[in-house]
Amino acid sequence: KPFKLISELMDAGIFAGMNQTIEEDVAGRLAAKYGFQLEIRHRGEEQAVAKAKEKKIELAEDDPSLLSPRAPVVCVLGHVDHGKTTLLDSIRKANVVSGEAGGITQHIGAYQVEQNGHKLTFIDTPGHAAFSKMRERGANVTDIAILVVAADDGFMPQTDEALKFAQNAGVPIVVAINKMDAKGANIERVKQQMQERNIASEDWGGETLCSAVSAINNEGISELLEQVLLQAEVLELKANHSCDAQGIIVESQVEQGRGSTATVIVQKGTLKPGSALVCGDNYCKVRAMLDENGQKVKSAPPSTPVRIMGWSDAPDSGSYFLEVKNDKVARRIAEENAEEMRQELLSKQVKDNAPMDLDQFLGLIDEKQQKTLSVIVKADVHGSMEAVIGMLESIKSDKVSLRVIVSDVGLVSKNDVVLASSSKATIVAFNTRMENGVQALAKHDDVHIVHHNIIYELVDQVRDAMAELLEPEY
Ligand code: GDP
């Protein structure tokens, strides 16, 4: 166990943290002490493991001569009700990539359109929740943000927040002044507000590209896309198309009959059916790739969004995937990652239980009366998972608090039960099923599983479980 190794290292005078690199001979001695033999991996493989674990991707490492142009990846941000969803729909309708029309449109989290022969990729989850979630994980997936401002309403708090997000992320913005058809639409006021925020539009002497649209009437959409392409041109977006594929998970789901699927955006390399991927503790032999029209895709070069089938489980949105040599390697790395993540969590709990300093102690006195219900949340898709967490966290109680220790998309697994048992947590499962044997194991390990397909019922049951913590013990 990590904490044991850490204390072992301490005895040897090495004050190592959880994720620290240690010398090979130290590792060798330590391994030998516990009867293990140290095995050093080949460099490439080691890097792949490290990358898959850290969920970081070096996009700049390619030789410039290997790079070719790629489409911009665009997200839509702005205040609630200013028309983000409507705009995303109207862009998609107006500019379906030719030859792919006629299929059944599905919202898979991202889509690609064409404007004058140039492709653009859109993240199809409006609002900065998705964007910031990815940023939180260090993922720079978007190249350009369209900031939607309703002409009749002007800049609002979330518009400013979104602007700040984009600016902090170093993502250039194109402003879409929407609802030009609405009564009270006032484009000059919006431009004035842009100037006040140091993002003056070109006709006001600034540099920010901006376009007036009516998303609901499909007006001004081509002009807006032209502006986005203009912005993209400045960025000179390029990627290596022929290396091992890497990219980011936009959305994932467990679908009946299809297993786990995930929509990804390829960032470099080209994905093909048969590619072997690792994403954290998940792996995938790409069984099939579909676009947003449900059409099969044979190859997905950089910036292409595709829904991939063949995942071992649903990977987290915002995490990186990486192509490896074959599915055996993918599986092994994923399993090692899973074990490591489990250990990290356990050691975090050990740390949580470690002797505390005075501040922590005083803090604890304050909450002395508080009991905590720890929960592991599982749900069918990310959106519902976040909704469940939001509702659970809003349950108000003076005496019992609730702590989500892990949340994930997918079936309730035996691993979840093991984790719940070791951390005395309750499993809260929304709209998802259980792997074979989970119920028996839960019974054996005395793990409580709250399971429902109706969110309010689920929350009620969790509330009951919290109340039960207050029952007197005999
Ligand atoms: P979101 O919350 O930013 O995603 O906004 P929605 O796309 O859901 O739009 C909010 C409301 O504004 C809906 O009732 C839309 O029909 C309406 N809306 C969106 N675009 C326009 C537009 O161009 N003109 C007018 N008049 N209404 C719009």
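Every number here is computed from the coordinates shown, using simple stated rules; none is lab data. Computed from a prediction, not measured in an experiment: that's the story for all the values here. Heads up, the Cβs are rebuilt from the backbone with ideal geometry, glycines too, and the neighbour counts pull from every protein chain shown.
Taking θ = phi - 60°, what integer Hz values does the Karplus form 6.51 cos²θ - 1.76 cosθ + 1.60 yield along the range 210-220, in sequence order, with x for Gly and Pro?
7, 9, 8, 9, 10, 4, 5, 9, 6, 9, x
How big is the charge dipole of the range 296-339 about its Cα centre, in debye rounded to the nearest 20, if each Lys and Arg gets +1 on its Cβ and each Asp and Glu gets -1 on its Cβ?
My answer is approximately 380 debye.
How big is the Cα convex hull of the range 244-356 in projection, averaged over all directions, in nm²?
With the hull built on Cα positions only, its mean projection is 7.9 nm².
Would you mind checking which residues have amide H under 5 Å from residue 152's amide H? H placed 1.01 Å from N; only 5 or more apart, or other chain.
186
Sort 26-38, 225-237 by packing, meaning the average of other beta carbons within 10 Å per residue, with the highest value first.
Details: 26-38: 11.8, 225-237: 16.8.
By packing density, highest mean first, the sequence is 225-237, 26-38.
If you stretched the chain out fully between residue 443 and residue 114, how much longer would it get, using 0.36 nm times the residue separation minus the C-alpha to C-alpha distance?
Value of the extension gain: 113.0 nm.
Treating only the Cβ atoms of Lys and Arg (+1) and Asp and Glu (-1) as charged, compute the dipole magnitude of the range 186-275 about its Cα centre; round to the nearest 20 debye.
The dipole magnitude comes to about 460 debye.
Going by average Cβ neighbours within 10 Å, how do the peptides 381-387, 187-193, 300-306 rank, with the highest at the top? Mind dumping the intermediate values first?
Details: 381-387: 19.1, 187-193: 16.7, 300-306: 24.3.
Highest mean packing first, the order is 300-306, 381-387, 187-193.
Would you pull out the residues with amide H under 5 Å of residue 174's amide H, same chain only if 5 or more places away, H placed 1.01 Å from N?
Excluding prolines and chain starts, which carry no amide H, the hits are 145, 146, 147.
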